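Structure first, then comments.
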Amino acid sequence: MENSVIDAVSKVDTAFQFIFGVSFVILFLITAVTIYFLFRYSSKRNPEPADIDGNLTAEIIWTVVPIIIVGAMFWYGWTGFKALREAPADSYNVKVTARMWSWKFEYPNGKTSDKLYVPVETPVKLDMTSVDVIHSFYVPAFRIKMDTVPGMQTYTWFMSGEPAEYDIQCAEYCGVRHSYMLSKVIVVTKDEFDKWLNGDQQAQAEPEGKALLAKYGCADCHSMDGSVLVGPSLKDIYNRDTVIIENGAEKTVKADEAYLKEAIYDPSTQIVKGYDDMMPPFKDEMPKADLEKIIGYLKGGEKAEKPGERGAKIADNEGCTGCHSTDGSIIVGPSFKGLLDRPVTALHNGKKVELTANIQYIISSIKNPGEYIVEGYDESMPPYDSLSDKDIQALIEYFGTLR
Ligand SMILES: [Cu+2]
């Protein structure tokens, strides 16, 4: 495994050096021959031009030699390409989401980060997409560069190697702050990585429960933001009135702990009205401890944290802070400092309006930024309609701390 890696980098380098070397030699040969011909065949020395009619040996040489050279270039290029495309089966998976103008890295346990932390000596596979325009994920140190395309999954991989930091750049022009779309690969020891991956988790508002929903695949069918996927959203489910069908009869029940337990362990006994009996039973598969954590999470058992802390994290992870400062300075958009309840002059349907940045206005500015354009700014903010109400609430709480 290790070999294939060192190979991926060294194979790219070999292809580059080979093509560069061949080009260099040819440049010199052509220049030398041109100069030689200039003297040797000048009209002074050759007043009578000769009429040369074909030379089979020369023709064979200038056909065969370039074929060999180009064939060798192709061979080195092809083996390098293969090494770059074939991620080892035991790779560690991280999801990458690109947006104007930041990178988001999502780990298997649900943790997100704007820097790519990885453990040492591990092959890392990145599954990538973009939410707005085409970006390109570029880490020169690992010789990888791959476009991220909205609506499409692309991937790349690299071997992390020794503890170190490497630059990540966007290599596809993507708007005014393209050149600031920077991040880092941070390679740390396995212990430090585990600590980082799990330790910080406690500080996040949605600890284990959320990771378990992802682990058991619940999140494929259930959202936590109110939207309906295959099953009903689990947002605010605890103690809500639910109409179920049990033994063919309709009845309304409260989604208390006992109900949740049954709904997860043995879903077919009671089907939520309007849905199909599609949920698999988790009785055999899920230990009690996990069930309790999930139910605890569905009950909204969040850890206490400093006001605004979660919002600050969201603003970083979603890339808001690439365009909005928190210190009063202007980047691309107005500063978040003092935003809440400040007077705003904005363009609305082409007309100038005066309003106050209250909660309603901020929600609409995030979900639908094109509706009110703050005077003096471009319409360059992308809509964030995928942010949950809870996330937006957390952001607003955070703005409240920036007075
Ligand atoms: Cu970009």
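Restricting attention to segment 144-171, report how many residues are of a type outside the set (A, V, I, L, M), under 14 Å from the mean Cα position of the chain (by Cα) and more than 11 Å from the ligand (Cβ to nearest atom).
8
Can you pull out every residue in segment 94-107 that is among the hydroxyl-bearing types (Ser, Thr, Tyr) and either within 16 Å of the ligand (Cβ to nearest atom) or within 24 Å of Glu172 (Cβ to Cβ) (or both)?
Hits for segment 94-107 are Thr97, Ser102.
Do you know which of the residues in segment 194-205 that are within 29 Å of Met100 (Cβ to Cβ) and either modelled with pLDDT of 85 or more or in contact with a helix residue (DSSP H, G or I) (Cβ under 7 Å, 6 or more places away or on another chain) (or both) is farthest from the ligand (Cβ to nearest atom)?
Ala205
List every residue pair whose Cβ atoms sit under 8 Å apart, with the two residues 6 or more apart in sequence or on different chains, where the first one lies in segment 283-294 and is on the phi < 0 side of the Ramachandran plot and free of Cβ contacts under 8 Å to residues at least 60 places away in the same chain and the second, anywhere, is outside any loop (DSSP other than H, G, I, E, B) and surrounded by 10 or more Cβ atoms within 10 Å (Cβ to Cβ).
Going by the 8 Å Cβ cut-off, the qualifying pairs are Lys283/Tyr265; Leu291/Lys261; Leu291/Ile264; Leu291/Tyr265.
Exactly one condition in (1) touching a strand residue (DSSP E or B) at 6+ places or on another chain (Cβ under 7 Å); (2) closer than 27 Å to Ala211 by Cβ is not met by Glu354; state its number.
Of the numbered conditions (1) touching a strand residue (DSSP E or B) at 6+ places or on another chain (Cβ under 7 Å); (2) closer than 27 Å to Ala211 by Cβ, the odd one out for Glu354 is (2).
Does Gly175 meet the test of being assigned to a loop (DSSP other than H, G, I, E, B) and within 22 Å of Gly80 (Cα to Cα)?
Taking the combined requirement at face value, the residue does not satisfy it.
Taking segment 111-124, which residues are crowded, with 18+ Cβ neighbours inside 10 Å and part of a strand (DSSP E or B)?
Scanning segment 111-124 gives Ser113, Leu116, Tyr117, Val118, Pro119, Pro123, Val124.
Taking only pairs six or more apart or across chains, which ones have beta-carbon atoms under 7 Å, a first residue in segment 145-160 that is among the acidic types (Asp, Glu), and a second residue that is part of a loop (DSSP other than H, G, I, E, B)?
Between residues of segment 145-160 that are among the acidic types (Asp, Glu) and residues that are part of a loop (DSSP other than H, G, I, E, B), the close pairs are Asp147/Ile134; Asp147/Glu172.
Assess whether Thr156 counts as being part of a strand (DSSP E or B) and either charged (D, E, K, R) or out of contact with any Phe, Trp or Tyr (no Cβ under 9 Å at 6 or more places or on another chain) (or both). Write out each step before concluding.
Numbers: part of a strand (DSSP E or B): yes; either charged (D, E, K, R) or out of contact with any Phe, Trp or Tyr (no Cβ under 9 Å at 6 or more places or on another chain) (or both): no.
No: the conditions fail for Thr156.
Looking only at segment 80-93, decide whether some residue is more than 16 Å from the ligand (Cβ to nearest atom), farther than 17 Å from Ala8 by Cβ and not in a helix (DSSP H, G or I).
Yes: one or more hits.
Identify all residues within segment 306-347 that are more than 26 Å from the chain's Cα centre (by Cα) and closer than 18 Å to Gln393 by Cα; write none if there are none.
Lys306, Pro307, Lys337, Gly338, Leu339, Leu340, Asp341, Arg342
Being at pLDDT 90 or above and more than 30 Å from Leu126 (Cβ to Cβ): is that true of Val96 here?
When the stated conditions are applied, Val96 does not pass them.
Considering segment 172-184 alone, what residues qualify as being crowded, with 17+ Cβ neighbours inside 10 Å and more than 8 Å from the ligand (Cβ to nearest atom)?
Arg177, Ser183, listed by residue number.
The values are calculated or read from the model by the stated rules, or taken from the named source; none is laboratory data. Keep in mind it's a predicted model, so treat the numbers as computed, not measured. We place every Cβ from the backbone using ideal geometry, glycine too, and count neighbours over all the protein chains shown.
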